[in-house]
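The values are calculated or read from the model by the stated rules, or taken from the named source; none is laboratory data. Please read these numbers as outputs of a predicted model, since none were measured by experiment. Heads up, the Cβs are rebuilt from the backbone with ideal geometry, glycines too, and the neighbour counts pull from every protein chain shown.
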């Protein structure tokens, strides 16, 4: 049964988050709140956990998974970013945006997109998740928590626990999330002088980025 961690949204209790981090380090899958919707998250370097994450979500290896990063400096370890891309990222982070970028060798090949060698990265603007990432000390591999054969993301932590309690190691309840997906921006064309492409408009305001 999934452990349930009720944390304060603005001042999350480190003791509870440390317990959640311990579950990640043992290969567990967590449901975590973000600034868009709840997400499934696991340890980046745990292949078995990544496989289970995809299984719970009902997606194959062609589905873009996302790295949740604490800040831009951490993001830059996992993606190739030139000066132009960096300026756009700096103006948009933290925030409800997912950026598709060329993956570096720090990203396990089984995690990046099999054809394009790209990865989705984001820096969430959510206090409890930021504290979790800080305590974990590395990015988390994640995907939006949308049940198989459904189209809407889940927003209520108790509902998530009821539906996935036998598949998850833990659920972090920091209150309801906005329940709106991130805006997805493909930045790979910028590497060859092109312009970023808005793949999906969501919670992040793309007009604020000049797109």
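Numerical summary
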quantity	calculated
Tally of residues being out of contact with any helix residue (DSSP H, G or I) (no Cβ under 8 Å at 6 or more places or on another chain), farther than 22 Å from residue 202 by Cα and assigned to a loop (DSSP other than H, G, I, E, B) across the stretch 139-189	2
Qualifying residue in the stretch 51-60 (condition: more than 27 Å from residue 175 (Cα to Cα), surrounded by fewer than 16 Cβ atoms within 10 Å (Cβ to Cβ) and in contact (Cβ under 8 Å) with a residue 12 or more places away in the chain)	no
Residue 67 being under 30 Å from residue 6 (Cα atoms), part of a helix (DSSP H, G or I) and in contact with a helix residue (DSSP H, G or I) (Cβ under 6 Å, 6 or more places away or on another chain)	no
Any pair with Cβ under 9 angstrom, 6 or more apart, that starts in the stretch 98-123 at a residue that is at positive phi and surrounded by fewer than 22 Cβ atoms within 10 Å (Cβ to Cβ) and ends at one that is at pLDDT below 90 and part of a loop (DSSP other than H, G, I, E, B)	117/107; 117/109
Test for residue 44: is it in contact with a strand residue (DSSP E or B) (Cβ under 8 Å, 6 or more places away or on another chain) and either over 19 Å from residue 164 (Cα atoms) or modelled with pLDDT under 95 (or both)	yes
Residue list for the stretch 72-88, filter: in contact with a helix residue (DSSP H, G or I) (Cβ under 9 Å, 6 or more places away or on another chain), surrounded by fewer than 22 Cβ atoms within 10 Å (Cβ to Cβ) and within 26 Å of residue 37 (Cβ to Cβ)	72, 74, 76, 85, 88
Residue list for the stretch 1-14, restricted to those being surrounded by fewer than 20 Cβ atoms within 10 Å (Cβ to Cβ) and not in a helix (DSSP H, G or I)	1, 3, 4, 6, 8, 9, 10, 11, 13
Index of the failed condition, residue 173 passing every other in (1) within 23 Å of residue 44 (Cβ to Cβ); (2) at pLDDT 95 or above	(1)
Test: residue 17 is at pLDDT 95 or above, in a strand (DSSP E or B), within 22 Å of residue 162 (Cα to Cα) and in contact with a helix residue (DSSP H, G or I) (Cβ under 9 Å, 6 or more places away or on another chain)	no
Residues of the stretch 60-94 satisfying the condition of being under 16 Å from residue 199 (Cβ atoms) and at pLDDT below 90	62, 63, 64, 65
Selection from the stretch 95-125 of residues that are outside any strand (DSSP E or B), touching a helix residue (DSSP H, G or I) at 6+ places or on another chain (Cβ under 8 Å) and modelled with pLDDT under 95	104, 106, 107, 108, 110, 111, 116
Among (1) within 30 Å of residue 25 (Cα to Cα); (2) in contact with a helix residue (DSSP H, G or I) (Cβ under 9 Å, 6 or more places away or on another chain); (3) at pLDDT below 95 - the single one residue 209 does not satisfy	(1)
Residue within the stretch 25-39 that is more than 22 Å from residue 201 (Cβ to Cβ), surrounded by fewer than 17 Cβ atoms within 10 Å (Cβ to Cβ) and free of Cβ contacts under 8 Å to residues at least 12 places away in the same chain present	no
